[in-house]
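Written below as structure tokens is the structure these notes are about.
The values are calculated or read from the model by the stated rules, or taken from the named source; none is laboratory data. This one's a predicted model, so the numbers in the text were calculated from it and none came from an experiment. When we count neighbours, we look across all protein chains shown, and the Cβ atoms used for this are built from the backbone with ideal geometry, even at glycine.
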Amino acid sequence: MLTVLASSSELRRAQHCCPFAPESSLHAEMETFLISLLACYLAESADQELRMPAIMTPILQRAFRNTLELKLRRSRGDMLQLFLAAVMTKVWKDNFIPASAHYSQGDLKCDGLLQDPLTVFACYGPTNGGDGQSSGSIANAVAKVAEDFFGAIQNWPALKEWIFVSNYVTGTPPQITAKILELAGAHPNRVLKQFGLEQFRLAIFSLSLDDIEELLGDDATDEDFRQLQLPEVQMVINDVMQRVHGSGLNDDQPVIVPAAKLDFNNLPAIYQDRIRLGFQNAGRVGEYLLDHPDPTLDGKIASVFAGKYVELKMQGLQPDEIMDCLYEFTLGGQQNSTPREVAVWSLLAHLFEKCTIFEDHPVEEAKAL
């Protein structure tokens, strides 16, 4: 049974669009009856719960879109399955059944299940939202599409729909789309779909603002960055210094920042945008560190992050993965919030501008030095 999430006053407003809306002179009993009738009509005509979507300003919408892209870029492997479950549980309520990402006996080729119509979700989360994916990796993804689909229809014979979920942020490779269309043509009795960035956006933005914030976080806007809270910066720095062993070497030598540093480090546009927003606060963060009672704090924090960057780089991680790790390292497992997010990005922007993290010269030039 579907539930209509609307108050009596909302239903009365809806009656103006309905041919059987009551006249204002109707008795209360008749009005109640017609309201109930309209509720049944809406429930039967809807294919999911009626929601009042969040009303957001363009600035907030852009902020949430940016956060969604970051979320998908970070949703590699099992993390995409967990994110899908969080979203679909809010959208479909009890109709959606999450699947464990760590079945010891196999997952029956099901990363999530919709009971009616019987639908199986298959998740694929490449690194960095698929940006820069090699031809070999794409070929493996195409093979996974076929393997997951045939495994699903074998394990779920009554399957009605099969949905391939991915975290591609700049579009699904055509090879994957071609394979899904090929499978759909060979199995006309089943519906095959793709679910990516745009489908996530539509599903999430159909929810209430509270649900959106729970899924994506209370995202920081341009205005939030202009209202940096230095106590948050202080807490972030104190937390980092408490988690590292020793004070490290003092690294506070002045450097000249290359104008194209954001570009030649090959950071995705979404990360460049966050660093640029943080640049407006980099000076304030630098002043805070220089004016700190501990005159060595600026050099110490720079040393900690320089060492962390080298450690991550030696692991062979890509620039976006390094930035992810630096963000999580700075956040330190603390609950994220808008002021905290602004503080973290502002500190990272300061360190980026100080040339503590990421490369100071293009790779070719650095090799020649």
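List the pairs whose first member sits in segment 328-348 and is part of a helix (DSSP H, G or I), whose second member is surrounded by fewer than 20 Cβ atoms within 10 Å (Cβ to Cβ) and polar (S, T, N, Q), and whose Cβ atoms are under 6 Å apart, counting only residues at least 6 apart or on separate chains?
Pro339/Gln229
Does Pro173 satisfy the condition of being under 14 Å from Gly196 (Cα atoms) and in contact (Cβ under 8 Å) with a residue 12 or more places away in the chain?
On the way: under 14 Å from Gly196 (Cα atoms): yes; in contact (Cβ under 8 Å) with a residue 12 or more places away in the chain: yes.
In short, yes.
Take Asn266 and decide whether it is in contact with a Pro (Cβ under 7 Å, 6 or more places away or on another chain), at pLDDT below 95, part of a loop (DSSP other than H, G, I, E, B) and surrounded by fewer than 21 Cβ atoms within 10 Å (Cβ to Cβ).
On the way: in contact with a Pro (Cβ under 7 Å, 6 or more places away or on another chain): yes; at pLDDT below 95: yes; part of a loop (DSSP other than H, G, I, E, B): yes; surrounded by fewer than 21 Cβ atoms within 10 Å (Cβ to Cβ): yes.
Yes, satisfied.
What about Ile275, is it in contact with an Asp or Glu (Cβ under 9 Å, 6 or more places away or on another chain), surrounded by 13 or more Cβ atoms within 10 Å (Cβ to Cβ), within 18 Å of Tyr309 (Cβ to Cβ) and modelled with pLDDT of 90 or more?
Numbers: in contact with an Asp or Glu (Cβ under 9 Å, 6 or more places away or on another chain): yes; surrounded by 13 or more Cβ atoms within 10 Å (Cβ to Cβ): yes; within 18 Å of Tyr309 (Cβ to Cβ): yes; modelled with pLDDT of 90 or more: yes.
Yes: the conditions hold for Ile275.
List pairs: first in segment 121-135 and over 16 Å from Gln175 (Cβ atoms) and polar (S, T, N, Q), second modelled with pLDDT of 85 or more and buried (at least 21 other Cβ atoms within 10 Å of the Cβ), Cβ under 6 Å, 6+ apart or cross-chain?
Here the result reads Asn128/Arg73; Asn128/Asp320, each pair linking segment 121-135 to a residue that is modelled with pLDDT of 85 or more and buried (at least 21 other Cβ atoms within 10 Å of the Cβ).
Output the residues belonging to segment 139-180 that are buried (at least 16 other Cβ atoms within 10 Å of the Cβ) and either under 23 Å from Tyr271 (Cβ atoms) or at pLDDT below 95 (or both).
Those that are buried (at least 16 other Cβ atoms within 10 Å of the Cβ) and either under 23 Å from Tyr271 (Cβ atoms) or at pLDDT below 95 (or both): Ser166, Asn167, Tyr168, Val169, Thr172, Pro173.
Could you list all residues from segment 313-327 that are of a type in the set (A, V, I, L, M, F, W, C), surrounded by fewer than 19 Cβ atoms within 10 Å (Cβ to Cβ) and in a helix (DSSP H, G or I)? Before the answer, list the steps.
Keep residues of segment 313-327 that are of a type in the set (A, V, I, L, M, F, W, C), which gives 314, 317, 322-323, 325-326.
Remaining after also requiring surrounded by fewer than 19 Cβ atoms within 10 Å (Cβ to Cβ): 314, 317, 325.
Met314, Cys325 - these are the residues of segment 313-327 that are of a type in the set (A, V, I, L, M, F, W, C), surrounded by fewer than 19 Cβ atoms within 10 Å (Cβ to Cβ) and in a helix (DSSP H, G or I).
What are the residues in segment 120-159 that are outside any helix (DSSP H, G or I), out of contact with any Ser or Thr (no Cβ under 7 Å at 6 or more places or on another chain) and among the hydroxyl-bearing types (Ser, Thr, Tyr), if any? Break it down stepwise before answering.
Of segment 120-159, the ones outside any helix (DSSP H, G or I) are 120-126, 131-134, 156-159.
Remaining after also requiring out of contact with any Ser or Thr (no Cβ under 7 Å at 6 or more places or on another chain): 120-123, 132-134, 156-159.
Ser134, the sole residue that qualifies.
Going by the structure shown, is Pro157 of a type outside the set (Asp, Glu), without any contact (Cβ under 8 Å) to a residue 24 or more places away in the chain, outside the structural domain of Pro268 (by TED's automatic domain parsing) and closer than 21 Å to Ala99 by Cα?
Details: of a type outside the set (Asp, Glu): yes; without any contact (Cβ under 8 Å) to a residue 24 or more places away in the chain: yes; outside the structural domain of Pro268 (by TED's automatic domain parsing): yes; closer than 21 Å to Ala99 by Cα: yes.
Against the criterion (of a type outside the set (Asp, Glu), without any contact (Cβ under 8 Å) to a residue 24 or more places away in the chain, outside the structural domain of Pro268 (by TED's automatic domain parsing) and closer than 21 Å to Ala99 by Cα), Pro157 qualifies.
Given the structure, is Val310 of a type in the set (Val, Ile, Thr), without any contact (Cβ under 8 Å) to a residue 24 or more places away in the chain and assigned to a helix (DSSP H, G or I)?
Working: of a type in the set (Val, Ile, Thr): yes; without any contact (Cβ under 8 Å) to a residue 24 or more places away in the chain: yes; assigned to a helix (DSSP H, G or I): yes.
Yes.
Of the residues Arg74, Arg62, which is among the basic types (Lys, Arg), surrounded by fewer than 20 Cβ atoms within 10 Å (Cβ to Cβ) and modelled with pLDDT under 95? Talk me through it step by step, then tell me what you get.
Numbers: Arg74 fails: surrounded by fewer than 20 Cβ atoms within 10 Å (Cβ to Cβ).
The conditions single out Arg62.
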